[in-house]
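What follows is a single structure, written as structure tokens, with notes after it.
The values are calculated or read from the model by the stated rules, or taken from the named source; none is laboratory data. Model, not experiment: these values are computed from the prediction. Here Cβ is always computed from backbone atoms with ideal geometry, including for glycine, and neighbour counts include all displayed protein chains. These area figures cover heavy atoms from the full protein model, side chains too; ligands, DNA and RNA do not enter into them. Shrake-Rupley method; radii C 1.70, N 1.55, O 1.52, S 1.80 Å.
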Amino acid sequence: GFAITAAGYFVTNTHVVENAEKVTVVFDNGDERQATVVGTDERTDLAVVKVDGLTDQPFVKLSDDDVRVGDW
């Protein structure tokens, strides 16, 4: 997955977190933090999880342009 906000919201796959009793985000440096599933969408296989206590997490900047059907 990847971070989408500095406040600790991450996108991952639904199949990764579905049926999970506990979700842990593992960072590149090996740190691990507990996360809460915020929402899932089975159709697109996307899920959003939140790691509490983060305020300056580097994140992916999504486009400021209008989104069109078929855009990545």
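Could you give the Stokes-Einstein D for the stretch 8-62 in µm² per second, using the C-alpha Kirkwood radius, 37 °C, 0.692 mPa s?
Working: Rh = 11.8 Å.
The Stokes-Einstein estimate is 278 µm²/s.
Which GluC sites (Glu not before Pro) from the stretch 1-53 combine a DSSP loop assignment with at most 15 other Cβ atoms within 10 Å? List each step's numbers first, then the result.
Values: sites: GLU18, GLU21, GLU32, GLU42; in loops: GLU18, GLU21, GLU42.
Here the GluC sites (Glu not before Pro) that fit, given the DSSP loop and packing criteria, are GLU18, GLU21, GLU42.
Which length gain, in nm to one decimal place, applies between SER63 and VAL17 when the Cα-Cα distance is subtracted from 0.36 nm times their residue separation?
Values: separation 46, 0.36 × 46 = 16.56 nm, distance 2.64 nm.
Separation in residues times 0.36 nm, less the Cα-Cα distance, equals 13.9 nm.
Which residue, VAL51, GLY1, ALA20, has the largest displacement toward the positive end of the dipole of the stretch 1-51 when charges sit on each Cβ (Lys, Arg +1; Asp, Glu -1)?
Value: VAL51.
Using the heavy atoms of the protein chains alone and a 1.4 angstrom probe, what is the accessible area of the chain per residue in square angstrom?
Values: 5750 Å² over 72 residues.
Accessible area per residue: 80 Å².
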